[in-house]
Amino acid sequence: AQSVAQPEDQVNVAEGNPLTVKCTYSVSGNPYLFWYVQYPNRGLQFLLKYITGDNLVKGSYGFEAEFNKSQTSFHLKKPSALVSDSALYFCAVRDITSGTYKYIFGTGTRLKVLA
Amino acid sequence: DAGVIQSPRHEVTEMGQEVTLRCKPISGHDYLFWYRQTMMRGLELLIYFNNNVPIDDSGMPEDRFSAKMPNASFSTLKIQPSEPRDSAVYFCASSLQAGIILGQPQHFGDGTRLSIL
């Protein structure tokens, strides 16, 4: 069965430092991988995706993610964190080869950037 | 460009009452998803539609929950009768079919915060 795991409930980082939010996945076939961000009282907003091609994908607000097939990971990164990056981050995956159009979302990681 | 629109944003009602949540997807999108978010269970997919037809409702928790999509621009999620454990934030999201094959993302509304007393 398809699944995605976010091993950290919360990540704390100082403003200006690099940040990493971890995600691992398990699918049969080729994964479509996504990162979303959720601010308080708002819906999830799309940040970036990996479909095929370069393993390093760039997205909104200076975020990027690295796809690693051998480690089945898709970690979200940013070189220099901002206080305004504090939010809840979700990793999601869909295995299109199964014919489903469902997204499987992780449990979310709360990022807190400290001034 | 209007996003996914949900109404109401907040709903407080007493248990046993009927609750109807509404969603207007992005124009041209032909997949529509209903999710529920709680602290305990995270984000759960309840049901999704393709071209107004329900495709997978395996996430609908009980018969008290029902969803309809009478046309491409409107969907409802109904709870009857409501119970306190239904309290959650309910999200609607939409996406393009062609986009799904190519990996286009879902676009979420800002949700309905439902409180059942």
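Annotations
- Exceedance of the 25 Å cut-off in Cα-Cα distance is limited, within the set A:22/B:78; A:49/A:102; A:22/B:24; A:49/B:78; A:78/A:112, to A:22/B:78; A:22/B:24; A:49/B:78.
- For the pair B and A, the buried accessible area comes to roughly 1800 Å² in total, with a 1.4 Å probe and the value rounded to the nearest 100.
- Exercise: per-residue mean of other protein chain Cβ atoms within 10 Å, A:42-53: 4
- Computed helical MRE - 222 nm, the protein assembly as shown, DSSP H runs ≥ 4 contributing -39500 (n - 2.57), nearest 500: -500 deg cm²/dmol
- Working from Cα pairs under 8 Å separated by at least six residues, relative contact order for chain A is 38 percent.
- Sequence ranges B:45-55, A:53-63, ranked by mean other-Cβ count within 10 angstrom, highest first: B:45-55, A:53-63
- Between the stretch B:63-117 and the stretch A:68-85, the alpha-carbon center distance in angstrom: 29
- Only the Cβ atoms of Lys and Arg (+1) and of Asp and Glu (-1) were treated as charged; on that basis the dipole of chain B about its Cα centre amounts to roughly 160 debye.
- Pairs of Cα atoms nearer than 8 Å and 6+ residues apart set the relative contact order; for chain B it is 37 percent.
- Working ranking of peptides A:79-91, B:8-20 by packing, defined as the average number of other Cβ atoms within 10 Å per residue, highest first, is A:79-91, B:8-20.
- Considering only alpha-carbon pairs that sit under 8 angstrom and 6 or more positions apart, the relative contact order computed for the stretch B:48-106 is 20 percent.
- Averaged over B:32-43, number of beta-carbon atoms from partner chains that fall within 10 Å: 3
- Rolling a 1.4 angstrom probe over the stretch B:12-117 with all protein chains present gives an accessible area of which 52% lies on carbon and sulfur atoms.
- Sequentially through the stretch A:18-27, phi angles give Karplus couplings (6.51, -1.76, 1.60; θ = phi - 60°) of x, 10, 9, 10, 8, 8, 10, 9, 9, 9 Hz, Gly and Pro residues having no value and appearing as x.
- Near residue A:76, once Lys and Arg are set to +1 and Asp and Glu to -1 for all other residues with Cβ below 14 Å from its Cβ, the sum equals +2.
- Residue-normalised accessible area of chain A, given per residue in Å² at a 1.4 Å probe: 47
- When the Cα positions of A:20, A:39, B:117 are compared along the charge dipole of the protein assembly as shown, A:20 comes out farthest toward the positive end, with charges on each C-beta of Lys, Arg, Asp and Glu.
- Among A:44-52, A:1-9, the order from most to least packed when residues are scored by Cβ within 10 Å on average: A:44-52, A:1-9
The values are calculated or read from the model by the stated rules, or taken from the named source; none is laboratory data. Since the model is a prediction, treat every value here as computed from it, not as a measurement. Counting neighbours? That spans all protein chains shown, and the Cβs are built from the backbone with ideal geometry, glycine included. Note: areas computed on protein heavy atoms with side chains; ligands, DNA, RNA excluded. Shrake-Rupley method; radii C 1.70, N 1.55, O 1.52, S 1.80 Å.
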